[in-house]
Amino acid sequence: MLDVGIDGKRFVTTGNEHGLSTAETVFAYRTDGAAITGSYGGGDVADGQIVGRVTGPDTIELLFQCRTKGGGLLAGRSRGRVRLNAQGLTELHFDWVWLAGDSGGGTSSYVELR
């Protein structure tokens with residue numbers, strides 16, 4: 001289980017090197033034990049889905065896929081950390097790589113929407 005929960009929380013992008021999501025993209029997560037599911041959309045993302053798992057008290061691993069507003073299909077994998085910031089909001093920080101639809105990867109960060 002995560003020390004800082006993400007179940008039922010929504011997040012927006014605060015930084016995304018070489019990625020598609022922006023501050024207009026909203027991510028919503030659900031957890032059930034170690035299982036993670038989610039969805040996202042906004043900005044250039046028409047719709048996307050997430051599946052993953054908790055790997056430690058502050059770490060998660062995700063697979064994600066989306067359909068872009070331009071009709072493209074993308075899929076990737078990420079490993080990240082979950083933490084609380086000074087304002088008491090949950091933050092996510094990932095290293096990620098594209099698996100299909102593009103190449104390369106990068107880092108990204110997200111903050112909880114209240």
Relative contact order for the stretch 10-113, counting Cα pairs under 8 Å that sit 6 or more residues apart, in percent: 25
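Suppose every Lys and Arg Cβ carries +1 and every Asp and Glu Cβ carries -1, with no other charges. What dipole size does the chain come out with about its Cα centre, to the nearest 20 debye?
140
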Enclosed volume per residue, in Å³, of the convex hull spanned by Cα atoms of the chain: 84
Length added when fully stretched, residue 93-residue 75, from 0.36 nm per residue minus Cα-Cα: 4.7 nm
Within the stretch 1-84, GluC sites (Glu not before Pro) in DSSP loop having at most 12 other beta-carbon neighbours inside 10 Å: 17, 24
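Every number in this text was worked out from the coordinates using simple rules, so none of it is lab data. This is a predicted model, so every value here is computed, not measured. Every residue, glycine as well, gets a Cβ built from its backbone with ideal geometry; the counts of neighbours run over all protein chains shown.
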